[in-house]
Amino acid sequence: QITSVAVGNPDLDPEFADTIVFGLVYQPSFVDGLQLSADWYEVDVQDAINQLGLQRVVNECFAGGPSSEFCQYVERDDNGIIGRVFNPFYNIASQFVQGVDVEVAYRIEPDFFAGDAESFSVRALYGHIAERSNIATAGAAPIETTGAVGTPANTATITTNYALGPVSFQLQGRWIDSVSLTRIGGSGALAISGIDFDDATVSSNAWFNGQIAYNGETSNGANYQVSFNVQNLFDRNPPVIASFGSRGGSQTVSDAYDAEGRRYQLNVNYSF
């Protein structure tokens with residue numbers, strides 16, 4: 001039984017990142033109301049804060065001898081048995097991410113019903129992560145998490161709005177690409193297809209949200225809105241994330257998906 005204690009480090013430096021972003025916006029003259037934009041980004045974090053881990057602290061103490069600075073973090077009993085290890089923070093990690101975000105927006109004012117103000121808009125957002133890697137400690141192998149659980153390589157959201165006078169309708173769809181229970185580098189794969197599972201992937205998932213709203217104004221100039229929302233319109237279940245090895249026997253779902261099922265909300269907003 002080893003007691004682990006996380007401890008601070010007054011010699012820590014702030015994390016430093018090099019961030020590069022390049023974006024373009026295009027509004028074609030031959031299609032009124034259409035706008036296209038794309039942003040490429042790269043974030044490189046050096047000297048990120050992380051812990052060495054218990055085994056690394058003990059190893060460094062052993063390698064450096066009793067005078068090693070790491071030995072102050074290792075406590076032994078009278079028989080020389082390790083009973084407690086302090087796990088300090090250092091500027092030893094690095095993080096890197098590179099990707100592209102794309103947006104397509106289209107807005108018009110149709111005339112389906114004469115005499116009533118109308119508007120129609122569609123906005124689609126797409127995100128692609130080309131690389132997302134971490135290095136936990138100096139000299140360690142990078143861990144590539146792109147496409148792994150929690151870091152899907154592709155995501156998309158599309159929102160459609162139509163307003164007719166004081167009444168508006170909205171339909172929103174969200175999509176998350178399939179992800180894998182494996183990762184590249186570091187301590188190895190989290191799971192291996194064909195050994196831990198027949199297929200160590202978590203399926204893609206899409207769900208829709210809907211809203212109907214009414215906007216009005218009172219005689220004294222106050223504004224109000226009454227809206228009825230349906231989350232997860234088609235009651236789509238999230239994908240199940242299996243566990244394996246010593247953690248076998250349990251299954252989980254991720255907060256990245258809608259895990260609550262279909263539900264209803266009635267909102268009333270009043271401003272004066």
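Tabulated data
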read-out	value
Residues located in the range 201-223, provided they are over 20 Å from the mean Cα position of the chain (by Cα), open to solvent by less than 60 Å² (accessible area, probe 1.4 Å) and closer than 30 Å to Ala259 by Cβ	Gly210, Gln211, Ala213
Single unsatisfied condition, Asp116 versus (1) open to solvent by less than 30 Å² (accessible area, probe 1.4 Å); (2) not in a strand (DSSP E or B)	(1)
In the range 31-86, the residues that are surrounded by fewer than 16 Cβ atoms within 10 Å (Cβ to Cβ) and at positive phi	Gly33, Gly53, Gly65, Gly80
Residue satisfying condition, being within 28 Å of Ser168 (Cα to Cα), in a strand (DSSP E or B) and in contact with a Leu (Cβ under 8 Å, 6 or more places away or on another chain), within set Val104, Val85	Val104
All positions within the range 243-272 that are modelled with pLDDT of 90 or more, closer than 21 Å to Ala200 by Cβ and over 25 Å from the mean Cα position of the chain (by Cα)	none
Considering residues of the range 103-161 that are farther than 23 Å from Asp44 by Cβ and β-branched (Val, Ile, Thr) only, the residue modelled with the lowest pLDDT	Val149
Residues that are among the hydrophobic types (A, V, I, L, M, F, W, C) and either farther than 30 Å from Val100 by Cα or free of Cβ contacts under 8 Å to residues at least 40 places away in the same chain (or both), drawn from the range 32-73	Leu52, Leu54, Val57, Val58, Cys61, Phe62, Ala63, Phe70, Cys71
So Ala105, is it touching a residue at least 60 places away in the same chain (Cβ under 8 Å), open to solvent by 50 Å² or more (accessible area, probe 1.4 Å) and out of contact with any helix residue (DSSP H, G or I) (no Cβ under 9 Å at 6 or more places or on another chain)	no
Test: Asp47 is of a type outside the set (A, V, I, L, M, F, W, C) and closer than 22 Å to Asp13 by Cα	yes
Identity of the residue in the range 4-30, in contact with a Phe, Trp or Tyr (Cβ under 8 Å, 6 or more places away or on another chain) and open to solvent by 90 Å² or more (accessible area, probe 1.4 Å), that ends up nearest to Gln95 (Cα to Cα)	Val21
Some residue of the range 169-182 being in contact with an Asp or Glu (Cβ under 9 Å, 6 or more places away or on another chain), surrounded by 18 or more Cβ atoms within 10 Å (Cβ to Cβ), on the phi > 0 side of the Ramachandran plot and in contact (Cβ under 8 Å) with a residue 12 or more places away in the chain	no
Single residue of Val226, Val240 found to be within 19 Å of the chain's Cα centre (by Cα) and either of a type in the set (Val, Ile, Thr) or loosely packed, with under 14 Cβ neighbours inside 10 Å (or both)	Val240
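A quick yes/no check of all residues on (1) in a strand (DSSP E or B); (2) in contact with a Leu (Cβ under 9 Å, 6 or more places away or on another chain):
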position: Val5; (1), (2): yes, no
position: Leu12; (1), (2): no, no
position: Asp32; (1), (2): no, no
position: Ala38; (1), (2): yes, yes
position: Val45; (1), (2): yes, no
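The values are calculated or read from the model by the stated rules, or taken from the named source; none is laboratory data. Source: prediction; values computed, not measured. Heads up, the Cβs are rebuilt from the backbone with ideal geometry, glycines too, and the neighbour counts pull from every protein chain shown. These area figures cover heavy atoms from the full protein model, side chains too; ligands, DNA and RNA do not enter into them. Shrake-Rupley method; radii C 1.70, N 1.55, O 1.52, S 1.80 Å.
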